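Participant: Here you go, one structure.
We did not get these values from a lab; they are worked out from the coordinates using the rules stated. Worth saying up front: this structure is predicted, and the values here are computed from it rather than measured. Cβ placement follows ideal geometry from the backbone for every residue including glycine, while neighbour counts extend to all protein chains displayed.
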Amino acid sequence: MSNEKDLMEKIVSLCKRRGFVFPGSEIYGGFANSWNYGPVGVELKNNIKQLWWKRFVQQRSDMVGIDAALIMKPAVWEASGHLKNFSDPLVECKNCHTRFRADKIDITKPCEICGKAAGFTEAKMFNLMFKTFIGPAEEQANIAYFRPETAQAMFVDFKNVLDTSRKTIPFGIGQIGKAFRNEITPGNFIFRTREFEQMEIEYFIPVPKSDEEWNKYFEMWRGNMLSWIKDDLGILPEHIHELEVPKEELAHYSKRTIDFEYHFPFGVDELYGLAYRTDFDLKNHSEKSGQDLRYTDPQTGEKYLPHVIEPTWGVDRSVLAVLCESYREEADRVYLSLPPKLAPYKAAVFPLLKNKPELVKKAKEIHLALSTSNLALGPIAWDDRGNVGKRYYSQDEIGTPFCVTVDFQSLEDNTVTVRNRDTKEQPRVGAGELRDYISKQIY
Ligand code: ATP
């Protein structure tokens, strides 16, 4: 990881230049803090989400998934405490009127925007829920909210999942989806936006009789999260800091929270969170909905409200951390040393020369075989523009692990060069063995 101060600017610029992330509504002058994922950005983001879903939902017998509505009945947010408590303290500089989150700045110092020591207004609590109206009449009775987290649907659907999935406790529900927060100070590219994606799990456990009992599950998820960060995202453990959130700063529902922080170029900040939510949510939803959300133990017949461990991952912060972690600069090139599983393209195929039909034909056949057969590797890039050096350069910048070139020798002995992104080595590989050769190194 580069330590340069301007690393963030370089990443934002690379993202725009190569199609990872574009400024939202750009042709209209942009829309503050809104970002769109471009052709390679969507692949990277989807790879992260698919890997997560596979690892934490599909490959575990104690997990199932759901995909719930973004707008839920306001009663949900009443019961969850979000309408009352989901607020940040807002202060305003008395000179330039810039608004800040009071817990993110030092209010005894001059304003970081205008530099004046005019002081700040009293902190006011600002609710972060995004409001909208259901139906044509903009009346109080029709107010609804976009979900500020994916978690609540997993509590609200708990009984439905239980009744249909034959799961026994302990088990978890996972969900990936958008969440909306009217953040006071969004910024740092895709780190803090008002519309973002989460990957969350609510893991239901028996009522703990001691702290050890819930801590056992808490530790299990802590280990899973660390291993995801290291093994799946390829982030070095020394770039991660675990912050035990002090008791007085815990969210209204949490008894213990760890923030997994990453050394972003702009500072150490939250990547993921892990919380012990007790039975706070199921209890409140039971009381407020009047529905019995208790679980019945199949062995003992005992009925109880399960407790919950909640590991939560931000998708966009994952993308940003992976980009920061894999950004490399050498004298003659910039490249992203992405874990191959996350790379937008698994390989690129080039004909050495665009104007030699026999080279183009063979390269097209190879491209087709790698990308569309039953044993397809995943998305394979095609490039026949410019010279091979330029093609390598652009594939390096999007982190493509292998570049396959079909040259004149290929026509004679059916071998191709396979250039490795990280080592720049270019061994010749038989066209018939190409798929296995690449696949072995990716998967
Ligand atoms: P922060 O302290 O940074 O505001 P949080 O503690 O409120 O974050 P959680 O409510 O725990 O965040 O949300 C779970 C995860 O969702 C976070 O760890 C983060 O990865 C992601 N996330 C939260 N808010 C945003 C946002 N505004 N933009 C992008 N990702 C976010």
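Participant: Are there any pairs with C-beta distances below 9 angstrom linking a residue in the stretch 396-409 that is free of Cβ contacts under 8 Å to residues at least 24 places away in the same chain to a residue that is assigned to a strand (DSSP E or B), with the two at least 6 apart or on different chains, and if so which?
Facilitator: Filtered contacts from the stretch 396-409: Gln409/Thr415; Gln409/Val416; Gln409/Thr417; Gln409/Arg428.
Participant: Something else about it: Mind listing whichever residues of the stretch 367-395 are hydrophobic (A, V, I, L, M, F, W, C), more than 23 Å from Val322 (Cβ to Cβ) and in contact (Cβ under 8 Å) with a residue 24 or more places away in the chain?
Facilitator: Within the stretch 367-395, Ala369, Leu370, Leu375, Trp382, Val388 qualify.
Participant: Show the residue pairs meeting these rules: Cβ distance below 6 Å; 6+ apart or different chains; first residue within the stretch 411-430 and free of Cβ contacts under 8 Å to residues at least 40 places away in the same chain; second residue surrounded by fewer than 17 Cβ atoms within 10 Å (Cβ to Cβ) and part of a strand (DSSP E or B).
Facilitator: Thr415/Arg428; Thr415/Gly430; Thr417/Arg428
Participant: Still on this structure, I have one more. Under the condition of being among the β-branched types (Val, Ile, Thr) and within 15 Å of the ligand (Cβ to nearest atom), which residue from the stretch 190-208 is surrounded by the most Cβ atoms within 10 Å (Cβ to Cβ)? Before the answer, list the steps.
Facilitator: Quick first cut of the stretch 190-208, residues among the β-branched types (Val, Ile, Thr) only: 190, 193, 201, 205, 207.
If we keep only those that are within 15 Å of the ligand (Cβ to nearest atom) as well, we get 190, 193, 201.
Numbers: Ile190: 24, Thr193: 22, Ile201: 27.
The residue in question is Ile201.
Participant: To continue, here is another question. I need a count of the residues in the stretch 177-189 that are out of contact with any Pro (no Cβ under 9 Å at 6 or more places or on another chain) and within 7 Å of the ligand (Cβ to nearest atom).
Facilitator: Number of matching residues: 2.
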